[in-house]
């Protein structure tokens, strides 16, 4: 009985060794479609979380006036403030040079005393309006 177990173990080890050796010398077959689909692609990159968040904010902010005021306006104010600082201006200073440095519609969006919309469900200005304000911010 012990001899049978010993021969069985030796035979298993020999079979594993032969299989390992054959895998090394045998040509590899074509990859399956499943393997190709699961393999990471070199050209793909992971989306940047902050960029994805900003894209959502732009879409939501263009749809409702409330979201424009409370979601996009703070971002636009921060960008405008940083851009104006390069010129030695402060967004909330109240001097006429600040308003002159910004496009009129951009100033209406980022001015410090802008009122929140009374109707929380009021329709937003649309994506074209937001796109134009972004272009104006880039021009500052």
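Bear in mind that the values in this text are calculations on the coordinates, not laboratory data. What you see is a predicted model, and the numbers here were worked out from it, not measured in a lab. We place every Cβ from the backbone using ideal geometry, glycine too, and count neighbours over all the protein chains shown.
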Compactness relative to 2.2 N^0.38 Å, alpha carbon Rg of the chain: 2.23
Solution diffusion estimate, µm²/s, Stokes-Einstein, the stretch 21-101, Kirkwood Rh from C-alpha pairs, 37 °C, viscosity 0.692 mPa s: 185 µm²/s
Rounded, prolate or oblate (a/c below 1.5 giving rounded, otherwise prolate when a/b exceeds b/c) for the stretch 50-97 by Cα gyration tensor: oblate
Most to least packed among 120-128, 69-77, 96-104 [average Cβ atoms within 10 Å]: 69-77, 96-104, 120-128
Simple spin-label estimate for residue 55 and residue 34 in nanometres, 7 Å along Cα-Cβ: 3.1 nm
